[in-house]
Amino acid sequence: MDFIEMRSDTLTLPTGEMREAMRWADVGDDVYGEDPTVKRLEELAAGKVGKEAAMFVPSGTMGNLLAVMTHCRRGDEIVLESDCHIYYYEVGGLSAVAGVVPRLVSGRNGVLDPDDVTAAIREENIHYAQAACLSIENTHNRGGGTVTPIPAMAALRRVADENGLTVHLDGARIFNAALALGVEAQEIAEHVDSVMFCLSKGLSAPVGSILAGSAEFIRAARKNRKMLGGGMRQAGVLAAAGIIAIEKMVDRLADDHANARSLGLGLAEIPGIAIDLSTVQTNIVGFDVLALGIRAPRFAAELAREGVRVTTRPPSGLRAVLNRHVDSAGVERALGAVATVCSRHRR
Ligand SMILES: Cc1ncc(COP(=O)(O)O)c(C=O)c1O
């Protein structure tokens, strides 16, 4: 890439080793349960998050939707953080497809306070939708890659138990969370009934996510996956890359975190940029250009002309996501480009 690509870690390309593994993958019809490579991926993935069973799904969005469908009946209520991906970026599937009512609770940079969740869960009343599930996002995308610590995960679990709710984790970036917390992913996932994580983000697989939980939960979710048209046939071609993602690509996420930190610290030095460094905990860096008096889309367009791609959080917020295609030299180049754009607009 001759530009610095920081719009998302979903833009990472499969490694050469992944392509090679895909070429030679043993395959069968996975709807019949006969694809050996998919089975191997699912066993590996379940073990990684300490769950009995796992299922390969085409996307994180489908994994989350299947979790909602499997935990809830139509008309039930799900408690979610108000800026979470399931609510914000998944096309309303939780209501349109799963028939579930969202009950939103504002977190602090995406991190839920257990007391706020307790307050949001209403006692039984004939007028109310039945609260059935609590969903947590760790790391939290719109929060800026922020991490929910283990004691908070445990406290949220207790609130759910006290109120008879199941718990789902949107752990699209669970390995980033684990790295930031200095724990194994299963220490995060042990507080939830189901977890979705993505192979296709920082881990660089071309396609796919995992939904994991109890054997019974995954059996039911598998049927729902078929209903949504997500039953894949010789999917071992894709699963082969997913195996490498889990076995070989997790540890290197530390580089993305270090680069995110350098980028955040550098941005904090540039006049015109506002950044809350306390939110730079993993591979996502959020910053703001309000003081320059221009809107985020214009800033992003000018930055793109300098060879640096980021996404916008209008009106004045921007987001950069570190990934394996951006090294420390790339961070320096990006900082130079930001400084150039800022210098044009400083008043
Ligand atoms: C927190 C979170 N959950 C779920 C998803 C959805 O994943 P996918 O793009 O594979 O549908 C994303 C994607 O960026 C995400 O950031």
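The values are calculated or read from the model by the stated rules, or taken from the named source; none is laboratory data. Being a predicted model, the structure only gives us computed values, none of them experimental. Because the Cβ atoms are built from the backbone with ideal geometry, glycine has one as well, and the counts that use them run over all protein chains shown. Heavy atoms of the whole protein, side chains included, go into the accessibility calculation; ligands, DNA and RNA do not. Shrake-Rupley method; radii C 1.70, N 1.55, O 1.52, S 1.80 Å.
Does V250 satisfy being buried (at least 21 other Cβ atoms within 10 Å of the Cβ), at pLDDT 95 or above and not basic (K, R)? So that I can check it myself, show each step before the final result.
Values: buried (at least 21 other Cβ atoms within 10 Å of the Cβ): no; at pLDDT 95 or above: yes; not basic (K, R): yes.
Spelling it out, it is not the case that V250 is buried (at least 21 other Cβ atoms within 10 Å of the Cβ), at pLDDT 95 or above and not basic (K, R).
Considering only residues that are over 14 Å from V31 (Cα atoms) and surrounded by fewer than 20 Cβ atoms within 10 Å (Cβ to Cβ), look in region 193-219 and name the one that is nearest to the ligand (Cβ to nearest atom).
The extreme case among them is V207.
Looking at V308, V237, can you tell me which residue is touching a Phe, Trp or Tyr at 6+ places or on another chain (Cβ under 8 Å) and among the β-branched types (V, I, T)?
From the options V308, V237, the qualifying one is V308.
Can you pull out every residue in region 79-108 that is within 11 Å of the ligand (Cβ to nearest atom) and open to solvent by 30 Å² or more (accessible area, probe 1.4 Å)?
Initially, region 79-108 is screened for residues within 11 Å of the ligand (Cβ to nearest atom), giving 81, 83-91, 93.
If the condition is that a residue be within 11 Å of the ligand (Cβ to nearest atom) and open to solvent by 30 Å² or more (accessible area, probe 1.4 Å), then D83, H85, Y87, Y88, Y89, V91 are the ones that fit.
Considering each of V57, V111 in turn, give the residue that is in the same structural domain as E190 (by TED's automatic domain parsing), open to solvent by less than 10 Å² (accessible area, probe 1.4 Å) and in contact with a Ser or Thr (Cβ under 8 Å, 6 or more places away or on another chain). Break it down into steps so the answer makes sense when it comes.
Values: V111 fails: open to solvent by less than 10 Å² (accessible area, probe 1.4 Å).
Criteria check complete, one pass: V57.
Go through the residues of region 9-17 one by one and say whether even a single one is part of a helix (DSSP H, G or I), closer than 30 Å to A301 by Cβ and in contact with a Lys or Arg (Cβ under 8 Å, 6 or more places away or on another chain).
Within region 9-17, one or more residues are part of a helix (DSSP H, G or I), closer than 30 Å to A301 by Cβ and in contact with a Lys or Arg (Cβ under 8 Å, 6 or more places away or on another chain).
Within 30 Å of R319 (Cβ to Cβ) and out of contact with any Cys (no Cβ under 9 Å at 6 or more places or on another chain): does that describe A54?
Judged against the criteria, A54 is a match.
Have a look at G202, G286, G266 and point out the one that is touching a residue at least 24 places away in the same chain (Cβ under 8 Å), in a helix (DSSP H, G or I) and under 25 Å from D9 (Cα atoms).
Going through G202, G286, G266 in turn, just one is touching a residue at least 24 places away in the same chain (Cβ under 8 Å), in a helix (DSSP H, G or I) and under 25 Å from D9 (Cα atoms): G266.
Could you count how many residues in region 293-314 are within 17 Å of C342 (Cβ to Cβ), in contact with a Pro (Cβ under 9 Å, 6 or more places away or on another chain) and not in a strand (DSSP E or B)?
So the count comes out to 3.
Is it true that some residue in region 150-169 is in the same structural domain as E17 (by TED's automatic domain parsing) and within 24 Å of V38 (Cα to Cα)?
The answer is yes; a qualifying residue exists.
Count, please, the residues in region 262-286 that happen to be within 19 Å of E332 (Cβ to Cβ) and over 19 Å from the mean Cα position of the chain (by Cα).
14
Kindly check whether there is at least one residue in region 156-164 that is among the acidic types (D, E), away from the ligand (no atom under 11 Å from the Cβ) and at pLDDT 95 or above. Before the answer, list the steps.
Initially, region 156-164 is screened for residues among the acidic types (D, E), giving 161-162.
Adding the requirement that they be away from the ligand (no atom under 11 Å from the Cβ) leaves 161-162.
Retained after the next criterion (residues that are at pLDDT 95 or above): 161-162.
Yes, region 156-164 contains a residue that is among the acidic types (D, E), away from the ligand (no atom under 11 Å from the Cβ) and at pLDDT 95 or above.
Taking S328 as meeting all but one of (1) open to solvent by less than 60 Å² (accessible area, probe 1.4 Å); (2) in contact with a Ser or Thr (Cβ under 9 Å, 6 or more places away or on another chain), write down the number of the exception.
With (1) open to solvent by less than 60 Å² (accessible area, probe 1.4 Å); (2) in contact with a Ser or Thr (Cβ under 9 Å, 6 or more places away or on another chain) applied to S328, the lone miss is (1).
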